Structures are given as C-alpha cells and as structure tokens.
Amino acid sequence: MDIEIKETKEINKEKIIELYQANKWSSAEKPDLLYKALMNSDSLITAWDGDRLVGLGNAISDGYLVVYYPHLFSIIGTAWVQVAAYLAGKPITRSNHKIQGGGYSMDLPFLERDLVSDYLSVSDNESIDAARSLAKKEGIFAGFSSGANVAAALKLLSGVEKNSSIALLINDSGLKYLSTDLYDF
C-alpha cells in the first residue's frame with residue numbers, strides 16, 4: 001500500500017463523510033457543517049491510498065502562538081495485542097486493555113483484509129512507556145493510543161523499517177488521562 005500525503009482543500013465532500021463514518025464520528029451526521037469547518041481550517045492534510053481517503057488532519061491557529069488539531073485520525077492504525085488477534089481471526093483471550101476508544105467488535109467496513117500482510121502488536125506497558133517518554137523527552141502530552149502508535153513505529157524502525165521514516169498520529173492530549181495510571185509516576 002502506497003500512501004500519498006497531500007496538503008490541499010480540493011477534496012470531495014463524500015470522501016470526507018465516508019472516512020468520518022468509518023471512524024464512527026458523529027460529525028458525519030452533519031456533512032455540510034463538517035465540510036465547511038474543514039474547508040475553513042488553517043491547514044488540511046489528507047492521506048490517500050490511490051483515490052481512497054484513508055486519513056485526515058486539520059489545524060486551527062491564531063497564526064502566532066496557538067495551534068489546535070481538532071481532527072486527526074486515519075483508518076490505518078495500530079492494533080494492540082488482543083485487537084491484532086481479533087483481526088487475524090484468532091480468539092480473544094484477554095478482553096481488557098488500557099487503550100481507550102477502541103473495541104474488539106467494531107465493524108471495520110473499509111478494512112480490506114487481503115491488503116493486510118501482517119499485524120503489529122503493542123502491549124499496554126509498551127504504550128504507556130512510549131507515552132511517558134513522549135512527555136518526558138519531547139514535551140508531547142499524549143494518551144494511551146498515541147503511545148501505542150509511537151511504540152509500534154519504534155518497533156518497526158528497529159526492525160523491518162530500519163533507516164526509514166514513519167508518519168504517525170498523536171491522537172489527543174493527555175489531559176483526560178490524568179485520572180489514570182498513565183501519568184502516575
């Protein structure tokens with residue numbers, strides 16, 4: 001799969017709605033408002049697999065000090081240990097995990113399983129360690145799933161993707177995780 005990254009606002013509204021529906025975002029229920037909001041962003045970055053929109057991120061900024069990334073997601077993501085098993089058709093042996101916002105039985109209508117050659121598993125501890133490292137070393141305050149994305153990228157860069165570059169998503173800030181053990185250190 002060759003992913004092309006574009007910075008453009010020339011994008012079909014229907015493709016945006018399909019991506020939002022695949023991610024089960026309620027914004028898809030307001031297609032005209034969603035489209036107008038994205039078109040009025042300071043920056044809009046999209047990821048494409050051929051003519052299929054597979055990722056999107058937008059930025060809103062005051063132009064000087066503050067940048068806010070309200071929507072940053074893709075349908076290509078990291079599978080943590082038990083989700084990788086589920087996607088591979090294996091039984092789930094442990095149904096609890098710390099990565100919030102995902103579920104094992106989610107319908108993945110855009111997942112073309114014949115294009116997936118392998119799965120990469122990331123444990124809760126690897127996700128936590130990577131998120132904490134982001135905060136300590138880079139000043140990036142992120143959550144569990146962002147830690148999983150970084151942990152997966154580091155695994156790839158130390159193995160099959162050595163000497164490569166990997167783009168990934170930091171899905172949200174760490175604010176909503178202050179009441180969890182993520183930042184209890």
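Filter the stretch 32-58 down to the residues that are of a type in the set (S, T, N, Q) and closer than 18 Å to Leu168 by Cβ and list them by number. Explain how you work it out, then say what you get.
Residues of the stretch 32-58 that are of a type in the set (S, T, N, Q), as a first pass: 40-41, 43, 46, 58.
Result: Ser43, Thr46, Asn58.
One line per residue, one yes/no per condition, for (1) at pLDDT below 80; (2) of a type in the set (Lys, Arg); (3) within 17 Å of the chain's Cα centre (by Cα); (4) in a helix (DSSP H, G or I):
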site	(1), (2), (3), (4)
Arg94	yes, yes, no, no
Ser127	no, no, yes, yes
Ala135	no, no, no, yes
Gly147	no, no, yes, yes
Ser164	no, no, no, no
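Would you be able to say whether some residue in the stretch 36-52 is at pLDDT below 65 and not assigned by TED's automatic domain parsing to the domain that holds Ser145? Break it down stepwise before answering.
To start, the set of residues in the stretch 36-52 that are at pLDDT below 65 comprises none.
Within the stretch 36-52, none of the residues are at pLDDT below 65 and not assigned by TED's automatic domain parsing to the domain that holds Ser145.
How about the stretch 134-173: which of its residues are in contact with a Gly (Cβ under 6 Å, 6 or more places away or on another chain) and buried (at least 21 other Cβ atoms within 10 Å of the Cβ)? Full working, then the answer.
Step one: filter the stretch 134-173 for residues in contact with a Gly (Cβ under 6 Å, 6 or more places away or on another chain), giving 141-143, 172.
Ala142, Gly143, listed by residue number.
The values are calculated or read from the model by the stated rules, or taken from the named source; none is laboratory data. Note that the coordinates shown come from a computational prediction; the quantities given were computed from them, not determined experimentally. Note that each Cβ is placed from the backbone with ideal geometry, even for glycine, and that neighbours are counted across all protein chains shown.
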